[in-house]
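Each remark here refers to the structure printed beneath this line.
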Amino acid sequence: MEQVTANVFTETRLRGCNPSYVVTTAGVVMIDTPQLPTKAVAMRKQAEGHGPIRFLINTEHHVDHIFGNYYFKGVGEVVQHQGVFDNFMVVFPDLDPFAYAAEAIPTDDPDGAAIFPDRDEYYADPNKGTAVFTGDLTLRLGGHTFHLLHTPGHTPGQVAVYVPEERLVFTGDTVFSECQTWLMSSNVNQWVGALDRVRDLDVDRVVPGHGPVTTLRYLDTQKAVLLEWVAAVAAAVAKGWSRAETMKRVSFADRYPVDIGQGYMMDHIQTLNAASLWDKFTNERATATASSSAAGGP
Ligand SMILES: [Zn+2]
């Protein structure tokens, strides 16, 4: 693992998110968990070498941040925003998170097969949140403060974890550092607001959800990526391109690689990002037209 500051450790080179932990004088705080089973077990052992794990905080509900919770049963409180709790490993029509976790095993963690649960076994106790909050939350442990800032956008329950004593913030997927951004069902306007909120923090280091550790300067790049996607799809809609045509022609594949282990998802990311924005813009247009005619029109 990479030691980022005196008490902060992160792992940016695994398939999945950047699971991390902070060592305090009163125990350890985990931020997200490794998606791959053997990596989760190994990281737990390593973290517990510094003291008991008192809190496990999940920054969002996407599978790459929460599946590994299963291997952290019996630690202290599992702290989740209501939006993470409500969507925790929920199967949606376009994404089955359990199947996605299973799919990574043969290629990325063959030894993990032996400790990969079957679906019923998993859902019986996936180690979901035990301390659930709305808005922001501040935790104190030992000499450390953990400000959990609700920063929705990438997901509704997104949180950033600001640790002033380490002059560092964990942003989760509000920041994709030097790798492809997954928009999926994000709210881009909120996401830009989240970046602005994080930008105001007094920190030296930013631990992103994916990619290498970075600084506040990168937030401007992340904002530009979001706004470029929005502008490109808005222009496609303005030209009258269909959903299929937009998916085919709007792509930022040449901008960054996909984060480790998921290169095969490049086309999926590009088409899903384009389609989700196209749906949003054309829906907004339909809704605006409906409401303006309901109000009698201009
Ligand atoms: Zn992620």
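The values are calculated or read from the model by the stated rules, or taken from the named source; none is laboratory data. The structure displayed is predicted, hence computed values, not measured ones. Note that each Cβ is placed from the backbone with ideal geometry, even for glycine, and that neighbours are counted across all protein chains shown. Each accessible area value is taken on the protein alone, full model and side chains, heavy atoms only, with ligands, DNA and RNA left out. Shrake-Rupley method; radii C 1.70, N 1.55, O 1.52, S 1.80 Å.
Brief remarks on what is shown
- Considering segment 1-119, the qualifying strands (runs of 3 or more DSSP E), each wholly inside and each with 3 or more residues that are more than 21 Å from Ser177 (Cβ to Cβ) and of a type outside the set (Gly, Ala, Ser), run over 53-57, 77-81.
- Residue count, segment 10-41 (criterion: more than 13 Å from the ligand (Cβ to nearest atom), out of contact with any Lys or Arg (no Cβ under 9 Å at 6 or more places or on another chain) and more than 19 Å from Val78 (Cα to Cα)): 3
- Output for segment 213-232, where each listed residue is within 19 Å of the chain's Cα centre (by Cα) and either of a type in the set (D, E, K, R) or assigned to a loop (DSSP other than H, G, I, E, B) (or both): Val213, Thr215, Leu216, Asp220, Lys223
- Some residue of segment 79-87 being among the polar types (S, T, N, Q) and either within 14 Å of the ligand (Cβ to nearest atom) or touching a helix residue (DSSP H, G or I) at 6+ places or on another chain (Cβ under 6 Å) (or both): yes
- Leading residue by the ranking (farthest from the ligand (Cβ to nearest atom)) among those in segment 146-196 that are assigned to a strand (DSSP E or B) and open to solvent by 10 Å² or more (accessible area, probe 1.4 Å): His147
- Test for Ile31: is it touching a strand residue (DSSP E or B) at 6+ places or on another chain (Cβ under 6 Å) and farther than 19 Å from Gly209 by Cα: no
- Pair list, Cβ < 7 Å and 6+ apart or interchain, from segment 26-54 residues that are without any contact (Cβ under 8 Å) to a residue 60 or more places away in the chain and more than 24 Å from Thr145 (Cβ to Cβ) to residues that are open to solvent by less than 10 Å² (accessible area, probe 1.4 Å) and among the β-branched types (Val, Ile, Thr): Ala40/Thr33
- When Ile260 is tested against the conditions (1) under 21 Å from Asn187 (Cβ atoms); (2) within 16 Å of the ligand (Cβ to nearest atom), the lone failure is (1).
- Single match in Arg255, Arg243 (criterion: basic (Lys, Arg), surrounded by fewer than 14 Cβ atoms within 10 Å (Cβ to Cβ) and modelled with pLDDT of 90 or more): Arg255
- Pairs meeting the criteria (first residue in segment 71-90 and within 20 Å of Lys39 (Cβ to Cβ), second residue open to solvent by 20 Å² or more (accessible area, probe 1.4 Å) and among the hydroxyl-bearing types (Ser, Thr, Tyr), beta carbons under 6 Å, at least 6 apart or on different chains) are Val78/Thr130.
- Test: residue in segment 54-65 that is among the hydroxyl-bearing types (Ser, Thr, Tyr) and either within 14 Å of the ligand (Cβ to nearest atom) or within 21 Å of Pro208 (Cα to Cα) (or both): yes
- For Ala104, the conditions (1) buried (at least 22 other Cβ atoms within 10 Å of the Cβ); (2) within 16 Å of the ligand (Cβ to nearest atom) all hold with the exception of (1).
- Of all residue pairs spaced 6 or more apart or on separate chains, those with beta-carbon atoms under 8 Å, a first member in segment 208-236 that is within 16 Å of the ligand (Cβ to nearest atom) and a second member that is among the aromatic types (Phe, Trp, Tyr) and part of a helix (DSSP H, G or I) are Pro208/Tyr218; Leu226/Trp191.
Condition check ((1) of a type outside the set (D, E, K, R); (2) open to solvent by 50 Å² or more (accessible area, probe 1.4 Å)) across all residues:
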position: Glu2; (1), (2): no, yes
position: Asn7; (1), (2): yes, no
position: Thr25; (1), (2): yes, yes
position: Pro37; (1), (2): yes, no
position: Leu56; (1), (2): yes, no
position: Asp64; (1), (2): no, no
position: Gly76; (1), (2): yes, no
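- Of His150, His210, all but one fail to be at pLDDT 95 or above and under 11 Å from the mean Cα position of the chain (by Cα); the exception is His210.
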